[in-house]
Amino acid sequence: NTPDQGTGSIHHRILKAIDQIERDQGNPQEFFEIWCEARLMSGQFVRCWPQYRGREGSRYDWVMVAFDTNEGTKGYPAKVLALYEDSTDGTFKALIHSVDWKLDTNPEGPYADSRLVTHYRLQFDNRGDPNLMSVPFKSIVRCVVGYEACLYSEPLVPRVRGGEMQKRHTVMIIRPRI
């Protein structure tokens with residue numbers, strides 16, 4: 001389908017990020033096939049719609065992603081911005097904005113963690129731009145409920161200067177009840 005008023009258009013910063021990430025990995029591509037919805041092996045849908053169902057506004061799901069760390073594989077939350085297929089090898093990928101997983105939690109944030117919720121700080125690069133990454137879709141473990149402390153009219157957080165401003169960009173993740 002061609003993007004229109006009903007489906008919305010993929011934000012130009014998202015398209016630029018995908019292109020730059022693939023180039024940085026030595027994988028430049030002429031085009032990307034982008035999806036706004038895909039199903040995990042568990043049956044859950046992952047959605048990243050610029051205009052969900054033509055009338056409900058944008059919808060970008062939060063998911064738990066398995067990352068390989070020095071301590072083994074750990075799951076951390078991330079906001080899914082786009083789903084796309086690598087045209088060179090057919091790998092299905094997700095463009096995400098992850099939390100700053102090195103911090104583990106956000107103890108200096110305005111709210112404390114509890115048995116029900118965990119707070120994380122979003123990850124930014126040295127310039128203050130959202131630190132976006134591309135991960136294989138199969139590394140997404142499950143969908144989670146996440147609420148961002150600062151909301152914007154576009155899917156990506158704008159450039160944030162200074163560590164104090166970055167500390168405001170947190171997400172509250174509801175812990176699974178199982």
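Per the listing 168, 115, 175, the residue uniquely modelled with pLDDT of 85 or more and open to solvent by 50 Å² or more (accessible area, probe 1.4 Å) is 175. Restricting attention to the range 118-133, the residues that are part of a strand (DSSP E or B), closer than 17 Å to residue 64 by Cβ and either modelled with pLDDT of 90 or more or of a type outside the set (S, T, N, Q) (or both) total 5. Selection of the range 1-27 for residues being open to solvent by less than 60 Å² (accessible area, probe 1.4 Å), modelled with pLDDT under 90 and farther than 13 Å from residue 86 by Cα yields 6, 7, 8, 10, 11. Applying the condition of being open to solvent by 40 Å² or more (accessible area, probe 1.4 Å), free of Cβ contacts under 8 Å to residues at least 60 places away in the same chain and of a type outside the set (Lys, Arg) to the range 149-162 and asking which residue is nearest to residue 119 (Cα to Cα) yields 149. For the range 24-46, a tally of residues being in a loop (DSSP other than H, G, I, E, B) and not hydrophobic (A, V, I, L, M, F, W, C) returns 9. Taking (1) under 17 Å from residue 139 (Cβ atoms); (2) more than 15 Å from the chain's Cα centre (by Cα); (3) not in a loop (DSSP other than H, G, I, E, B) in turn, residue 75 satisfies each apart from (2).
Residues checked against (1) at pLDDT 95 or above; (2) open to solvent by less than 40 Å² (accessible area, probe 1.4 Å); (3) within 21 Å of residue 150 (Cβ to Cβ); (4) not charged (D, E, K, R):
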residue: 37; (1), (2), (3), (4): no, no, no, no
residue: 60; (1), (2), (3), (4): no, yes, yes, yes
residue: 88; (1), (2), (3), (4): no, no, no, yes
residue: 95; (1), (2), (3), (4): yes, yes, yes, yes
residue: 106; (1), (2), (3), (4): no, yes, yes, yes
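Among the residues in the range 135-144, are any open to solvent by less than 50 Å² (accessible area, probe 1.4 Å), over 19 Å from residue 12 (Cα atoms) and modelled with pLDDT under 85? No - not one qualifying residue is present in the range 135-144.
The values are calculated or read from the model by the stated rules, or taken from the named source; none is laboratory data. Being a predicted model, the structure only gives us computed values, none of them experimental. When we count neighbours, we look across all protein chains shown, and the Cβ atoms used for this are built from the backbone with ideal geometry, even at glycine. Accessible surface areas use protein heavy atoms only, side chains included; no ligands, DNA or RNA. Shrake-Rupley method; radii C 1.70, N 1.55, O 1.52, S 1.80 Å.
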